[in-house]
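Read-outs throughout are calculated quantities, based only on the coordinates presented, and are distinct from any laboratory measurement. Please read all numbers here as calculations on a predicted model, not as lab measurements. Using ideal geometry, Cβ is built from the backbone for each residue, glycine included, and neighbour counts are taken over all protein chains shown.
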Amino acid sequence: MTIRFGLVLAMATLFGATGCASGGGGGGSGVTGGGGAVAGNEVARPRETDSTRAAERALDAGDGASDEAEAQMHYQQALTSAEAAIAEDSTNALAYRLAALAALGTEDYQAAGGYFDRAAELYPLYEFEDAGIRERTWIDLYQQAAPLVEAQDYEAAVQVFENANAIFDDRPEAMFTLGQLYAQLRQHDQSIENLDAALAFMQSDVVTEVDSATAAAWQEQAAEIPMLRAQVLADAGQFEEAAAAYRGLTAEDPTNLDLVRGLATILMQMGDEAGALEVYQDLLTRPGLTAQDYYAIGVGFYQANDYDQASTAFGRAAEASPRDRDALEMWARSAQLDSAFAAVPDVAERWIELDPNSQNAYLILAQAANQLGDQTTTREAVQAVEALEVAMDQLQLQRYSSGGGAVSGSVMNKTLDAGQSVTLTFTFYGTSGSPIGTVTETVTVAAPDMAQIINVEFDSTELVGGYGYELTVG
């Protein structure tokens with residue numbers, strides 16, 4: 001499952017311009033003004049006691065400490081005194097507020113969030129007075145988490161984002177990101193919980209109260225939640241719920257092919273092959289499809305064992321992008337499985353032109369030619385397999401939406417001595433079939449019949465439509 005963190009990192013950069021809160025207990029710890037009534041309800045005023053005064057002194061000492069160890073000692077003392085004040089009087093909002101500030105100093109953000117919330121329940125003015133320090137701490141934590149996401153240390157990032165949410169939940173970005181991170185970690189319940197929380201937040205009045213740029217950024221992230229939620233449900237095996245989610249999405253946006261293909265995939269996973277095929281058949285009739293669209297539709301038919309329509313779809317993909325090696329392979333395989341042997345030789349020859357060391361390509365050609373009674377082509381294809389010193393297998397192109405791509409696969413030594421090298425020169429083509437660049441990869445082969453995995457990256461601003469290679473030994 002793919003997740004998008006561009007907005008996470010962009011927002012972290014934006015937050016950098018606003019500054020961030022320190023980990024200490026700053027922000028003011030004394031009793032503030034305010035009457036004993038808020039919005040017509042009687043509210044007990046925060047009260048100074050010996051324990052709260054001890055907590056305030058310890059907080060001040062922590063803020064002024066010369067090193068981190070000394071600061072932590074004072075913040076822990078402040079927390080102990082604040083908790084003593086809570087034990088003495090569980091309705092004293094000041095005691096909870098001081099406990100929250102002390103917990104911030106010890107970096108126990110979950111506890112700090114709970115204490116802040118309780119202080120605001122008892123004395124609502126604290127909600128407004130403490131909003132600044134809570135949001136600044138949230139921003140600080142958000143910035144700490146962004147590099148962890150970039151480094152793909154998702155488990156560590158999750159904990160930091162959870163801390164951010166505990167401190168301040170009047171922003172949805174951490175909820176958005178936790179939904180994605182938990183999805184990547186395949187912790188489905190937690191992912192759904194955070195995605196639902198983000199959706200609920202987007203229905204709140206807070207969204208109407210922020211500036212237009214912030215609201216627009218939130219809306220952009222929120223727009224992706226329904227699709228991600230459906231994917232998470234599918235990944236969790238909750239196919240009925242996933243299918244319902246995809247049907248709702250496709251009803252809202254019937255021209256979105258990703259959604260329609262997603263629905264078909266879910267139906268296949270549910271065992272509703274007839275329903276999936278109906279969706280794929282509808283897709284195949286739509287105008288304006290790209291080579292990638294046809295390829296994805298072909299995969300759907302292929303997985304449903306409908307090799308006739310798979311051949312049609314893969315054939316259209318190869319027509320739209322004539323140097324698409326992967327489409328040619330799947331077209332040849334589908335035609336062979338459909339017993340459409342007369343269609344195989346021309347397609348297999350095109351496949352071999354781009355993939356001259358594919359043992360599978362020659363074998364499929366040989367089998368089709370044999371079925372057609374073409375003994376010359378059969379013999380030549382078998383001889384070509386026997387002559388291979390190195391065989392390429394499992395090749396697959398990953399196209400990047402911004403241009404360029406990567407080819408993965410395996411190199412199997414058939415007859416060379418271990419330690420010999422082979423050079424692969426990959427040529428990448430645009431959708432028109434014109435070459436747009438090359439990449440060279442040298443592989444040192446292992447013992448015969450041993451395979452090595454390759455992954456060749458092609459950097460380009462142009463979209464990749466296909467690829468091929470030449471292989472030389474030595």
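Observations on the model:
- Label-point gap, in nm, between S339 and E457 - each point 7 angstrom along Cα→Cβ: 4.8 nm
- Rounded to the nearest Hz, the phi-derived 3J(HN,Hα) couplings of region 131-137 under the Karplus curve 6.51 cos²θ - 1.76 cosθ + 1.60 (θ = phi - 60°) are 4, x, 5, 5, 6, 5, 5, where x marks glycine and proline.
- The angle between the Cα long axis of helix 225-235 and the longest principal axis of the Cα atoms of the chain comes to about 60 degrees, rounded to the nearest 10.
- Calculated FRET efficiency for the pair Q420/R286, C-beta based, R₀ 60 Å, to 0.05: 0.75
- For the pair D346 and S432, label points projected 7 Å from Cα toward Cβ lie 2.4 nm apart.
- Highest to lowest packing among 177-187, 376-386, scored as the average C-beta count within 10 Å: 177-187, 376-386
- Histogram of C-alpha separations across the chain, 20 Å bin width, %: 19, 38, 25, 15, 3, 0
- Given R0 = 45 Å, the distance between the Cβ atoms of L372 and R247 translates into a calculated FRET efficiency of 0.50.
- Applying the Karplus relation 6.51 cos²θ - 1.76 cosθ + 1.60 with θ = phi - 60° to region 141-151 yields 3J(HN,Hα) values of 5, 4, 5, 5, 6, 4, x, 5, 5, 4, 7 Hz, where x marks Gly and Pro.
- Electrostatic tally near T423: other residues with Cβ closer than 9 Å to its Cβ, Lys and Arg +1, Asp and Glu -1, net -2.
- Estimated distance in nm for a label pair at R186 and E70, the labels positioned 7 Å out from Cα along Cα-to-Cβ: 5.1 nm
- From most to least packed by mean Cβ count within 10 Å, the peptides 461-467, 75-81, 438-444 give 75-81, 461-467, 438-444.
- Taking the longest Cα principal axis of the chain as reference, the axis of helix 273-284 is set at about 80 degrees.
- Using alpha-carbon coordinates, inclination of helix 212-222 to the longest axis of the chain, degrees: 50 degrees
- Burial order of peptide ranges 206-214, 316-324 (average beta-carbon count within 10 Å, highest first): 316-324, 206-214
- Global geometry of region 338-474, whether rounded, prolate or oblate, following the gyration tensor of its Cα atoms and the 1.5 cut on a/c: oblate
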